[in-house]
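Enquirer: So that we are looking at the same thing, I have put the structure below in structure tokens.
The values are calculated or read from the model by the stated rules, or taken from the named source; none is laboratory data. Please read these numbers as outputs of a predicted model, since none were measured by experiment. Positions of Cβ are generated from backbone atoms using ideal geometry, with glycine treated the same way; all protein chains shown enter the neighbour counts.
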Amino acid sequence: MDLTYTPEEQEFRARLREWLGKVLPVLPPKPSPDDWPGRRAYDLGWQRRLHDAGYADVHWDASPTMRLIFLEETEKAGAPYVGAGFVGLLHAGPTIAAEGTPEQRARWLPPILRGEEVWCQGFSEPDAGSDLAALRTRARRDGDDYVVSGSKIWTSHAEVADWCELLVRTDPEAPKHRGISWLAMPMDAPGITVRPLKTLAGSAEFAEVFLDEVRVPVANRVGDENDGWRVTMVTLSFERGTAFVGEVVACRRVLRELAGEARKNGRWDDPVLRRRLGRLNAEFRALWRLTQWNVSEAERTGGVPGVGGSVFKLRYSHARQELYDAAADVWGPDSLDLDRPWVLDRLSSLSYTIAAGTSQIQRNIVAERILGLPKGR
Amino acid sequence: MRFQLTEDQRALQGGVRELLARRFGREELRAAVDAPGCLDRALWRELGAVGFFALRLPEVQGGVGLGLPEAVLAFEEAGRTLLPGPLMATHLAAAEVPGAATGETVVADVGACGLVEWLAAADVVRGDAAGAVPLRSVDPLTPLHRVPVARGVDPVAVLLTAAEQLGSATRACELAVQHARAREQFGQPIGGFQAVKHLCAEMLVRTETARAAVYAAAVTADPADIDTARLLADEAAVRGARDCLQVHGGMGFTWEFEVHLHLKRAWVRTHRAGDATESEENLAAELLAQPI
Ligand SMILES: Cc1cc2nc3c(=O)[nH]c(=O)nc-3n(C[C@H](O)[C@H](O)[C@H](O)COP(=O)(O)OP(=O)(O)OC[C@H]3O[C@@H](n4cnc5c(N)ncnc54)[C@H](O)[C@@H]3O)c2cc1C
């Protein structure tokens with residue numbers, strides 16, 4: 001067991017730090033959270049800088065340890081997060097890289113890496129959430145096109161996306177996991193209506209997407225017809241891999257700021273609060289170690305993120321909510337003031353036990369795939 | 001960074017597990033429960049012979065010359081099998097008390113909470129045991145004395161205790177899962193019911209998070225890492241035993257089934273390293289100490 005980094009890894013870290021030190025001070029100011037076009041431009045601009053500096057494909061090609069270092073250092077330096085690039089860089093891109101034809105890879109991957117195109121994920125539907133395979137959006141073959149009708153929901157970044165990784169039903173007769181296909185749908189195709197949904201935090205992070213006879217070329221299908229479920233599982237395993245590394249680093253910083261604030265406003269004198277923060281320190285230190293453990297395991301097994309990601313996600317989503325509840329305890333009645341730091345974060349943290357597979361679903365996965373307990377229906 | 005067990009560490013883990021399975025299986029565990037306070041001296045010498053106590057002693061002093069990570073793996077196995085006796089005290093005394101390293105001498109320590117484990121069975125007691133009074137120990141496998149003067153704790157003892165807790169938590173999870181797969185009610189294995197399944201999943205989550213914390217503390221020996229390991233491992237062991245008990249239904253409440261031994265020993269260990277609030281306070285203070 002070793003927690004030291006190889007000379008190569010240390011050099012990667014040093015070069016990255018040096019570059020961040022140069023580039024971060026000259027970044028344009030962050031756009032307001034409600035300014036979607038501004039956010040798109042900002043996030044893509046950052047990806048472009050990463051690309052030009054040779055860090056574009058750190059999420060794909062770098063070793064898991066290098067990726068860990070990248071996410072740790074960028075977060076510590078206060079660099080922008082992937083933001084609108086999330087789906088392209090962490091779901092759709094890796095899926096196309098793994099399952100696409102050479103033509104498809106050549107068409108879609110470079111613009112993702114260069115920060116030119118934004119992707120969204122059209123998986124969930126009003127009647128297919130946790131039971132994703134129950135999705136009903138229908139794709140009918142018509143010559144060289146699919147004609148797609150149905151509706152998607154909770155589609156993050158739909159308003160600013162160029163492409164949507166879309167799951168559709170191509171064979172309604174087949175068992176539910178066997179009749180699904182994976183399509184890349186251009187978001188400007190006729191027949192698409194995007195209706196933003198307001199989150200409980202007041203922001204418009206996600207949207208409903210209505211599809212009315214949208215024509216998508218058959219050439220945009222990644223993987224075989226009706227093999228979309230398997231193709232999707234590739235994507236989801238990426239989603240649960242190293243996606244939260246930067247956030248754990250950020251949570252540890254917030255915890256220190258919280259302690260500082262408590263010290264300032266006198267709450268620190270309450271031993272119950274102090275010990276609660278002490279426990280949270282243990283929690284996030286342990287989550288950081290678990291991240292290092294999982295990354296080392298991925299390194300050993302050849303890079304494919306495993307079900308260990310579910311163990312991490314369960315613990316982390318809960319810890320994040322605890323952290324911001326503790327922040328409210330530090331603020332007292334000021335925790336009702338949306339202009340205080342961490343108050344909005346407390347609201348956003350509520351999505352963590354729901355998005356990307358609810359905690360209940362993650363527990364099913366851990367119990368069935370790791371512990372071998374019998375499958376429920 | 002290669003934060004995984006090395007080949008050698010795996011071999012050591014397997015070796016200790018194999019030895020303990022052979023020398024301290026179900027029957028020996030039963031026998032130990034039926035003869036409270038009796039230490040199996042032959043087993044103790046055998047542990048000495050394979051280097052359990054001399055593990056971290058340098059080779060020039062006749063030790064095995066290994067480090068904290070290896071000691072953590074060995075103590076994890078001990079926790080897993082509920083191996084009785086003052087393992088920790090004897091291990092920590094290996095360099096100072098003659099005969100401790102080989103298992104000839106059994107050593108007891110005055111603990112941080114003013115308790116002494118295995119006082120009557122020990123040849124040597126470290127710390128001030130004057131005025132020791134026996135108490136009726138909740139754990140049938142750990143005789144306890146109360147003493148007026150407590151003793152400071154060695155951080156290594158805190159870490160190795162966490163390793164024992166980790167082993168115990170791992171075992172409780174395994175037992176719960178075995179039972180959940182085998183026991184049928186309402187015409188199906190109870191592990192198919194989500195209420196049971198989710199208890200098991202949470203046991204694994206707590207255990208694996210604690211594992212990362214304990215192993216990391218073994219590598220760094222950093223005080224904050226050790227406090228972290230302690231808090232997470234205590235939680236994994238105590239709650240794991242409780243949930244394992246629940247999954248076993250009426251059987252979980254019997255003297256016969258071993259889960260109560262895991263729970264009671266886990267309780268004993270939560271006090272061995274001093275008050276948990278101390279670890280919490282240390283970690284709170286650390287938040288103000290330095291930026292990450
Ligand atoms: C912030 C945010 C962003 C999102 N972004 C996207 C996106 O970009 N693209 C996309 O496709 N989707 C996205 N989602 C959707 C997300 O994946 C779903 O919300 C999630 O999978 C749950 O589905 P649901 O909302 O239909 O809830 P349901 O599936 O209806 O679940 C309701 C409750 O029932 C429980 N439940 C359901 N089934 C079971 C079971 N078998 N066992 C036990 N309990 C069960 C759930 O745990 C939950 O508590 C996003 C969600 C959020 C909150």
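Enquirer: What residue, of A:TYR146, A:TYR81, is outside the structural domain of A:ARG17 (by TED's automatic domain parsing) and either among the hydroxyl-bearing types (Ser, Thr, Tyr) or modelled with pLDDT under 95 (or both)? Can you show your working first?
Expert: Working: A:TYR81 fails: outside the structural domain of A:ARG17 (by TED's automatic domain parsing).
A:TYR146 is the lone residue from the list that is outside the structural domain of A:ARG17 (by TED's automatic domain parsing) and either among the hydroxyl-bearing types (Ser, Thr, Tyr) or modelled with pLDDT under 95 (or both).
Enquirer: Okay, moving on. Anything in the stretch A:36-60 that is in a loop (DSSP other than H, G, I, E, B) and either in contact with a Ser or Thr (Cβ under 7 Å, 6 or more places away or on another chain) or more than 28 Å from A:VAL234 (Cα to Cα) (or both)? List them, or say none. I'd like the intermediate steps shown before the answer.
Expert: In the first step, residues of the stretch A:36-60 are kept if they are in a loop (DSSP other than H, G, I, E, B); the result is A:53-60.
Scanning the stretch A:36-60 gives a single hit, A:ALA53.
Enquirer: If we keep just the residues of the stretch B:279-292 that are part of a loop (DSSP other than H, G, I, E, B) and facing chain A (nearest Cβ under 7 Å), which is farthest from B:ALA162 (Cα to Cα)? Explain how you work it out, then say what you get.
Expert: Taking the stretch B:279-292 first, the residues part of a loop (DSSP other than H, G, I, E, B) are B:290-292.
Retained after the next criterion (residues that are facing chain A (nearest Cβ under 7 Å)): B:291-292.
Values: B:PRO291: 27, B:ILE292: 25 Å.
Filtering first and then ranking leaves B:PRO291.
Enquirer: Look at B:ASP227 and say whether it is of a type in the set (Asp, Glu), away from chain A (no Cβ under 11 Å) and assigned to a helix (DSSP H, G or I). I'd like the intermediate steps shown before the answer.
Expert: Numbers: of a type in the set (Asp, Glu): yes; away from chain A (no Cβ under 11 Å): no; assigned to a helix (DSSP H, G or I): yes.
Considered against the rule, which asks whether it is of a type in the set (Asp, Glu), away from chain A (no Cβ under 11 Å) and assigned to a helix (DSSP H, G or I), B:ASP227 comes out as no.
Enquirer: Identify all residues within the stretch A:149-172 that are more than 8 Å from the ligand (Cβ to nearest atom) and basic (Lys, Arg); write none if there are none.
Expert: Of everything in the stretch A:149-172, just one residue is more than 8 Å from the ligand (Cβ to nearest atom) and basic (Lys, Arg), namely A:ARG169.
Enquirer: Search the stretch A:115-131 for residues that are within 14 Å of chain B (Cβ to nearest Cβ) and pair each with any residue that is among the β-branched types (Val, Ile, Thr) and within 8 Å of the ligand (Cβ to nearest atom) when their beta-carbon atoms are under 8 Å apart and the residues are at least 6 apart or on different chains.
Expert: Cβ pairs passing all conditions: A:SER130/A:THR358; A:SER130/A:ILE361.
Enquirer: Sticking with this one: Whether any residue in the stretch A:303-312 is crowded, with 18+ Cβ neighbours inside 10 Å, more than 14 Å from every other protein chain (Cβ to nearest Cβ) and under 28 Å from B:LEU5 (Cβ atoms) is what I want to check. Walk me through it before giving the result.
Expert: Narrowing the stretch A:303-312 to residues crowded, with 18+ Cβ neighbours inside 10 Å: A:305, A:308-312.
Then drop every residue that is not more than 14 Å from every other protein chain (Cβ to nearest Cβ), which leaves A:305.
From what's left, under 28 Å from B:LEU5 (Cβ atoms): A:305.
Yes - at least one qualifying residue is present in the stretch A:303-312.
Enquirer: I would also like to ask the following. Looking at this structure, is A:ARG136 assigned to a strand (DSSP E or B), assigned by TED's automatic domain parsing to the domain that holds A:ALA174 and over 28 Å from A:LEU20 (Cα atoms)? I'd like the intermediate steps shown before the answer.
Expert: Values: assigned to a strand (DSSP E or B): no; assigned by TED's automatic domain parsing to the domain that holds A:ALA174: yes; over 28 Å from A:LEU20 (Cα atoms): yes.
Here the answer is no, as A:ARG136 does not meet what is asked.
Enquirer: Evaluate the following for A:TYR352: is it within 18 Å of the chain's Cα centre (by Cα), away from every other protein chain (no Cβ under 14 Å) and among the aromatic types (Phe, Trp, Tyr)? Step through it out loud before you land on a result.
Expert: On the way: within 18 Å of the chain's Cα centre (by Cα): yes; away from every other protein chain (no Cβ under 14 Å): yes; among the aromatic types (Phe, Trp, Tyr): yes.
Yes; evaluated as a whole, the condition is true for this residue.
Enquirer: Sticking with this one: Can you find even one residue in the stretch A:68-78 that is part of a loop (DSSP other than H, G, I, E, B), surrounded by fewer than 16 Cβ atoms within 10 Å (Cβ to Cβ) and either aliphatic (A, V, I, L, M) or outside the structural domain of A:ARG289 (by TED's automatic domain parsing) (or both)?
Expert: Looking only at the stretch A:68-78, we keep the residues that are part of a loop (DSSP other than H, G, I, E, B), and these are A:77-78.
Pick out the ones that are also surrounded by fewer than 16 Cβ atoms within 10 Å (Cβ to Cβ) and you get A:77-78.
Cutting the leftovers down to either aliphatic (A, V, I, L, M) or outside the structural domain of A:ARG289 (by TED's automatic domain parsing) (or both) gives us A:77-78.
Yes: one or more hits.
Enquirer: When you scan the stretch A:106-148, how many residues do you find that are within 16 Å of the ligand (Cβ to nearest atom) and surrounded by fewer than 14 Cβ atoms within 10 Å (Cβ to Cβ)?
Expert: 5
Enquirer: I've got another one for you. Considering only strands (runs of 3 or more DSSP E) fully contained in the stretch B:95-183, which possess at least 3 residues that are under 30 Å from B:THR254 (Cβ atoms) and out of contact with any His (no Cβ under 8 Å at 6 or more places or on another chain)? Walk me through it before giving the result.
Expert: Values: elements: B:107-109, B:115-117, B:124-126, B:133-135, B:144-146.
Filter on the stretch B:95-183 gives B:144-146.
Enquirer: Just checking: which of the helices (runs of 4 or more DSSP H) contained wholly in the stretch A:307-377 hold 1 or more residues that are away from the ligand (no atom under 14 Å from the Cβ) and outside the structural domain of A:ALA282 (by TED's automatic domain parsing)? Walk me through how you get there before you give the answer.
Expert: Working: elements: A:308-331, A:343-349, A:359-365.
Because the criterion is at least 1 residues that are away from the ligand (no atom under 14 Å from the Cβ) and outside the structural domain of A:ALA282 (by TED's automatic domain parsing), no helices (runs of 4 or more DSSP H) in the stretch A:307-377 meet it.
Enquirer: Still on this structure, I have one more. May I ask you to list the residues in the stretch A:5-23 that are outside any helix (DSSP H, G or I) and either crowded, with 16+ Cβ neighbours inside 10 Å or away from chain B (no Cβ under 12 Å) (or both)? Talk me through it step by step, then tell me what you get.
Expert: The first filter runs over the stretch A:5-23 and keeps only residues outside any helix (DSSP H, G or I), leaving A:5-6.
Within the stretch A:5-23, just A:TYR5 meets the criteria.
Enquirer: Residues being without any contact (Cβ under 8 Å) to a residue 60 or more places away in the chain and farther than 16 Å from A:VAL245 by Cβ: count how many of those fall in the stretch A:305-323. Break it down into steps so the answer makes sense when it comes.
Expert: Within the stretch A:305-323, the subset without any contact (Cβ under 8 Å) to a residue 60 or more places away in the chain is A:308, A:311, A:314-315, A:317-318, A:321-322.
Pick out the ones that are also farther than 16 Å from A:VAL245 by Cβ and you get A:314, A:318, A:321-322.
The number of residues fulfilling the criteria is 4.
Enquirer: Follow-up. Please indicate, with yes or no, whether at least one residue in the stretch B:260-280 is more than 18 Å from B:GLY79 (Cα to Cα), among the acidic types (Asp, Glu), touching a residue at least 24 places away in the same chain (Cβ under 8 Å) and surrounded by fewer than 21 Cβ atoms within 10 Å (Cβ to Cβ). Break it down into steps so the answer makes sense when it comes.
Expert: Residues of the stretch B:260-280 that are more than 18 Å from B:GLY79 (Cα to Cα), as a first pass: B:274-280.
From the residues that got through so far, the ones that are among the acidic types (Asp, Glu) too are B:275, B:278, B:280.
Then keep just the ones that are touching a residue at least 24 places away in the same chain (Cβ under 8 Å); that gives B:275, B:280.
Narrowing further to those that are surrounded by fewer than 21 Cβ atoms within 10 Å (Cβ to Cβ): B:275.
Yes, the stretch B:260-280 contains at least one residue that is more than 18 Å from B:GLY79 (Cα to Cα), among the acidic types (Asp, Glu), touching a residue at least 24 places away in the same chain (Cβ under 8 Å) and surrounded by fewer than 21 Cβ atoms within 10 Å (Cβ to Cβ).
Enquirer: Is there a residue in the stretch B:257-278 that is within 7 Å of chain A (Cβ to nearest Cβ) and of a type outside the set (Ser, Thr, Tyr)? Write out each step before concluding.
Expert: Within the stretch B:257-278, the first condition is being within 7 Å of chain A (Cβ to nearest Cβ), and the residues that meet it are B:277.
Cutting the leftovers down to of a type outside the set (Ser, Thr, Tyr) gives us none.
No, because not a single residue in the stretch B:257-278 is within 7 Å of chain A (Cβ to nearest Cβ) and of a type outside the set (Ser, Thr, Tyr).
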